[in-house]
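Data block below; observations after.
The values are calculated or read from the model by the stated rules, or taken from the named source; none is laboratory data. Computed from a predicted model, the values in this text were never measured in an experiment. Virtual Cβ from ideal backbone geometry, glycine too; neighbours counted across all protein chains shown.
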Ligand code: SER
């Protein structure tokens, strides 16, 4: 039996909802402590292993949970996303930055390993738009992006200064079918599936030609664990790898869905805040560093992801 004792923050979010059962399957239910600021009643994993109510803005509470469960690995998912952040930048900073500082400080003495998800949002208008390189300039214009670049740097610093093993990925839009994303610019790519099945039409808040990279949840889960288990000797970057699987615009995703639901229609009502964020981000990422350093190799492309999403959601919705 593995000696990993894992804490997941933000366990009720889009990724946490699926990462908790995935890690419990791998390491055993008692080895994975889910945590969140509140309990969502619809969350299925609450009764299937340890759960702690945890507010990451309270440093003492994090240390208490780490001590109580003998935690040695943290998947730190708690974070506000890009669109929500523009509504309240100060709260985003409190959760995304001060929350990360609290996690890193609590992890120092017990030397916990940490997984820190960053984002394509670290890139701003000055970075190359197409196949944005791993080491391109990171000068974001959203507060979410600013918090993620700062987070990446802080994680690097804690590795250098205190020897903490901190690894992370820059996620593009995440497409999934268990929990909805909350307040991101890429949320359209999930909402469009629900709308196609429920209403047969969708009103998109991004322009039809806004290209952003996406990945499907099974690849998110596998990639995170693969990176955390990778031989450190092979890692040049450790923290903040570009990862990507699907490069797509709303119009292209619509056309793919229409192959399965011919009567599906779309129209566009642009949200200027989210459009400005999308315009400042890369059209696509170069993830060759992840592919060569720890063999990132996503399984789903646009066609297979769309088929699987429709398959799962049509059973859930009807
Ligand atoms: N999905 C995120 C967002 O749209 C990007 O990391 O905010």
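Some notes on this structure:
- Residue in the stretch 137-164 that is surrounded by the most Cβ atoms within 10 Å (Cβ to Cβ), counting only those that are under 20 Å from residue 227 (Cβ atoms) and out of contact with any helix residue (DSSP H, G or I) (no Cβ under 7 Å at 6 or more places or on another chain): 155
- First in the stretch 175-190 and at positive phi, second anywhere and outside any loop (DSSP other than H, G, I, E, B) and within 10 Å of the ligand (Cβ to nearest atom), Cβ under 7 Å, 6 or more apart: 183/83; 183/84
- Residue 243, sole failed condition from (1) more than 20 Å from residue 288 (Cα to Cα); (2) touching a residue at least 60 places away in the same chain (Cβ under 8 Å); (3) within 14 Å of the ligand (Cβ to nearest atom): (1)
- Qualifying residue in the stretch 113-135 (condition: within 12 Å of the ligand (Cβ to nearest atom) and out of contact with any strand residue (DSSP E or B) (no Cβ under 7 Å at 6 or more places or on another chain)): yes
- One residue from 287, 311 being at pLDDT 95 or above and touching a strand residue (DSSP E or B) at 6+ places or on another chain (Cβ under 8 Å): 287
- For the stretch 95-111, the criterion of being within 14 Å of the ligand (Cβ to nearest atom) and part of a helix (DSSP H, G or I) is met by at least one residue.
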